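The values are calculated or read from the model by the stated rules, or taken from the named source; none is laboratory data. Treat the numbers as computed from the prediction; the structure is a model and nothing was measured. Glycine also receives a Cβ, built like all others from the backbone with ideal geometry; neighbour counts cover every protein chain displayed. All accessible areas refer to the heavy atoms of the entire protein, side chains included, with ligands and DNA or RNA removed. Shrake-Rupley method; radii C 1.70, N 1.55, O 1.52, S 1.80 Å.
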Amino acid sequence: MFDLTGKTALVTGAASGIGEAIAHALSGAGAFVYVADIDEANGRRVVSEIGGTEAEFIKLDISERADCERAAGKVHAGRGRLDIVVNSAGLGRVGTSVQPTGEDIERLFAVNVRGTFELTKAFIGGMIERKYGVIINIASIGGIVGIRDRIAYCTSKFAVVGMTKCIALDHAMDGIRANAVCPGRVETPFVKSRLAEYPDPEKAYREMAATQAVGRMGRPEEVAAAVLYL
């Protein structure tokens, strides 16, 4: 049921955290994985851990349309097609409605929303032609419910959830499935960097963990398992 032998996947944000765990999970199920990230050093580390013949690094800034188009060209030239795209790259921002600037909102939208759109658009044409494709967007519980002190982040993730629903409806008859995974708190380098923005990071960590149903933050591998299922 979870055998991905012969499939080709691309995972953004795959140099660390949730994206890295997803890259390992898809590779472990047999897929060839393009590890895409702006962090070249860690991206190449992930490729090395997976195995050089089973993965390849692509330096990619999803906020740049030209980068997304170049990535699609490289994948199609190298593997001929892309079966699975996982949009995991993203940014966060702590702050209430009076704290973020317009520039902060624009930066989050450039990556979380427009980046997800541009990369999906770069590959979806080929998926439509082949009548097959899987698109998985990593959103957040903050894309379903509001979270205190997260207005910029939540706004962008609500947009990702809405975009995913539209893609799913637009291309249901094209053999394409689009889903969003909406994790709660997950202990990643990304979350640790957000915690560092608080006056008391250790207190913030305890408070965040306490809000979760199981009394702890999730692990990247748990999110990766949901992605593998989809």
- prompt: Does GLY6 fit the bill of being more than 22 Å from ASN179 (Cβ to Cβ) and without any contact (Cβ under 8 Å) to a residue 60 or more places away in the chain?
  reply: no
- request: Mind listing whichever residues of region 89-101 are part of a loop (DSSP other than H, G, I, E, B) and open to solvent by less than 20 Å² (accessible area, probe 1.4 Å)?
  value: GLY92
field: Options VAL86, VAL113: the member that is out of contact with any Leu (no Cβ under 8 Å at 6 or more places or on another chain), in contact (Cβ under 8 Å) with a residue 12 or more places away in the chain, surrounded by 15 or more Cβ atoms within 10 Å (Cβ to Cβ) and not basic (Lys, Arg)
entry: VAL113
- prompt: What is the number of the single condition among (1) hydroxyl-bearing (Ser, Thr, Tyr); (2) modelled with pLDDT of 95 or more; (3) farther than 18 Å from VAL161 by Cα; (4) touching a helix residue (DSSP H, G or I) at 6+ places or on another chain (Cβ under 6 Å) that TYR132 does not meet?
  reply: (4)
- prompt: Only one of ILE105, ILE124 is out of contact with any Cys (no Cβ under 6 Å at 6 or more places or on another chain), surrounded by 17 or more Cβ atoms within 10 Å (Cβ to Cβ) and either among the β-branched types (Val, Ile, Thr) or free of Cβ contacts under 8 Å to residues at least 12 places away in the same chain (or both); which?
  reply: ILE124
- request: Assess whether GLY184 counts as being part of a loop (DSSP other than H, G, I, E, B), touching a strand residue (DSSP E or B) at 6+ places or on another chain (Cβ under 8 Å) and either free of Cβ contacts under 8 Å to residues at least 12 places away in the same chain or small (Gly, Ala, Ser) (or both).
  value: yes
field: Residue list for region 120-154, filter: outside any strand (DSSP E or B), touching a Leu at 6+ places or on another chain (Cβ under 8 Å) and of a type outside the set (Phe, Trp, Tyr)
entry: GLY126, MET127, ALA152
query: Mind checking which residues of region 204-230 are modelled with pLDDT under 95, within 30 Å of GLY28 (Cβ to Cβ), assigned to a helix (DSSP H, G or I) and aliphatic (A, V, I, L, M)?
result: MET208, ALA209
message: Take ALA168 and tell me if it is in contact with a strand residue (DSSP E or B) (Cβ under 8 Å, 6 or more places away or on another chain), part of a strand (DSSP E or B) and modelled with pLDDT of 95 or more.
response: no
field: Residue match in region 69-77 (condition: open to solvent by 10 Å² or more (accessible area, probe 1.4 Å), over 26 Å from LYS157 (Cβ atoms), more than 16 Å from the chain's Cα centre (by Cα) and touching a residue at least 12 places away in the same chain (Cβ under 8 Å))
entry: yes
query: Scanning region 187-203 for residues that are assigned to a loop (DSSP other than H, G, I, E, B) and not small (Gly, Ala, Ser), which turns out nearest to ARG93 (Cα to Cα)?
result: GLU197
- line: In region 31-73, anything in contact with a strand residue (DSSP E or B) (Cβ under 8 Å, 6 or more places away or on another chain) and over 17 Å from GLY115 (Cβ atoms) is listed as ALA31, PHE32, VAL33, GLU40, ARG44, VAL46, VAL47, ILE50, GLU54, ALA55, GLU56, PHE57
- prompt: Among the residues of region 124-153, which ones are within 15 Å of the chain's Cα centre (by Cα) and not hydroxyl-bearing (Ser, Thr, Tyr)?
  reply: VAL134, ILE135, ILE136, ASN137, ILE138, ALA139, ILE141, GLY142, GLY143
